[in-house]
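Below: one structure, written as structure tokens.
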């Protein structure tokens with residue numbers, strides 16, 4: 001065994017998969033490739049020619065009245081930024097281990113990107129965490145662990 005690809009998203013299941021993959025990599029002196037995927041964010045689109053009108057403030061404001069400042073909202077992090085932060089967590093978790101590790105940030109469908117990374121690296125094993133998946137989640141899209149296991153000829157380690 002020379003290459004192990006592990007998917008990492010910062011979840012408890014991913015933490016367990018990372019630990020197990022690192023143990024196997026150490027035992028076989030294999031390279032560990034940690035892949036974090038910034039999933040594609042779907043944003044609603046506005047049709048051309050349609051103008052967005054913010055909701056009106058309820059009631060008139062009396063002269064001299066104290067008006068609270070608008071709420072400041074923090075912009076959601078970009079998918080790649082989140083993936084990079086997750087890889088920093090993985091790097092910290094592996095700090096005490098003697099394993100040769102590469103860290104990769106990908107963008108897109110997590111299962112597809114993991115499979116592509118495994119193909120490019122000719123990985124001997126793909127490790128993914130097996131999380132709890134509810135009925136609705138399964139209905140909307142197949143979980144990454146199941147999708148990876150179904151779509152590859154490579155060995156897959158599902159870590160519970």
Exercise for review: Identify the single condition in (1) in contact with a helix residue (DSSP H, G or I) (Cβ under 6 Å, 6 or more places away or on another chain); (2) at pLDDT below 95; (3) within 26 Å of residue 29 (Cα to Cα) that residue 96 does not satisfy, given that it satisfies every other one.
Suggested key: (1)
Practice item. Among the residues of region 5-28, count how many are outside any helix (DSSP H, G or I), farther than 13 Å from residue 97 by Cβ and modelled with pLDDT of 95 or more. Key: 3
Point to revise | Options 44, 54, 58; residue that is exposed (fewer than 15 other Cβ atoms within 10 Å of the Cβ), out of contact with any helix residue (DSSP H, G or I) (no Cβ under 9 Å at 6 or more places or on another chain), at pLDDT below 60 and closer than 30 Å to residue 9 by Cα | key: 44
Review point. Among the residues of region 29-41, how many are surrounded by 14 or more Cβ atoms within 10 Å (Cβ to Cβ), at pLDDT 95 or above and assigned to a loop (DSSP other than H, G, I, E, B)?
Key: 1
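The values are calculated or read from the model by the stated rules, or taken from the named source; none is laboratory data. Only a predicted model underlies this, so the values are computations on that prediction, with no experimental measurement involved. Neighbour counts are summed over all protein chains in view; Cβ atoms, including those assigned to glycine, are modelled from backbone coordinates with ideal geometry.
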